[in-house]
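The next block holds one structure in the form of structure tokens; read it before the comments.
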Amino acid sequence: MRRHEEGTVVVYIDAGRPLKKGAEWYLFFQLMEKYDTICFQYPPFVEEWRSWGNASTEIQYWTKRSLIEFFDEKFQDDKYHQFRKILGGVLFFKGKDNSLLKDWLQIYEQHPELIIEPSKEEKAQQIKGYVTHRHDQSVITPLAYYNPSVLVLPEFMEHFGEDCIIFASRIRAKSFKQFVSLRTKYYLRKWLGNDSFEKIKSKLFKK
């Protein structure tokens, strides 16, 4: 960030996310005139994650206990436990002294033990519903929600198809069967629309 002129907007995007033209870019850059950072939160549940043991996107299930305790002390608050996980793969930043980046980097530098994978002993002491430790996301999520210079928006690039200006195209499937299932669901959602797809899925799930 320090290489650029003050006020320059830098967009970090993971590999595997094709970009397209669209009016949304204009909207995001307009919002960046008011905020120093834009992040994106997952929806309340991601069904694909159910196979990991928990479909909830609440950050408490994706953060090891020692980091949760660190943030409890830092913020003197535990409301963030229920906040939805922030995507680590799409972030808009502005400012040579961006406060979110500074806080994020400070924790990485001063408390590397909070970032690394939990030990075997630590894994046995996690909260009920714990899935895994998400490292960068586990740190940035509480920091983003408590920072007034950060705007947190609903994500659109993971679950709304290839027409998005930023599309998450990575393949999550671990087998050909799972790949076919995911692609079928993707095209059904695309053809039917999100509301119709969710209604049909909920009826099938109840059966």
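Stretched out straight at 0.36 nm per residue, the stretch from residue 76 to residue 116 would grow longer than its current Cα-Cα span by 12.1 nm.
Using bins of 5 Å that start at zero, the share of Cα-Cα pairs per bin across the stretch 1-152 amounts to 2, 9, 17, 20, 20, 15, 10, 5, 2, 0, in whole %. Couplings 3J(HN,Hα) of the stretch 96-112, computed from phi: 5, 10, 4, 5, 5, 4, 5, 5, 4, 5, 4, 5, 4, 6, 8, 9, x Hz, in residue order, whole Hz [Karplus 6.51 cos²θ - 1.76 cosθ + 1.60, θ = phi - 60°; x for Gly and Pro]. Please label the shape of the stretch 15-84 as rounded, prolate or oblate, based on the square roots a ≥ b ≥ c of the eigenvalues of the alpha-carbon gyration tensor (a/c under 1.5 means rounded; beyond that, a/b larger than b/c means prolate, else oblate). Oblate, because a/c is 1.5 or more while a/b does not exceed b/c. Whole angstrom only: what separates the Cα centroid of the stretch 133-158 from the Cα centroid of the stretch 29-61? Cα centroid to Cα centroid, the span is 7 Å.
Annotation: amide H-H contacts under 5 Å for residue 153 (H modelled 1.01 Å from N, sequence separation of 5 or more, or interchain): 39, 40, 41.
Laboratory data are not the source of any read-out in this text; all were calculated from the coordinates shown. Computed from a prediction, not measured in an experiment: that's the story for all the values here.
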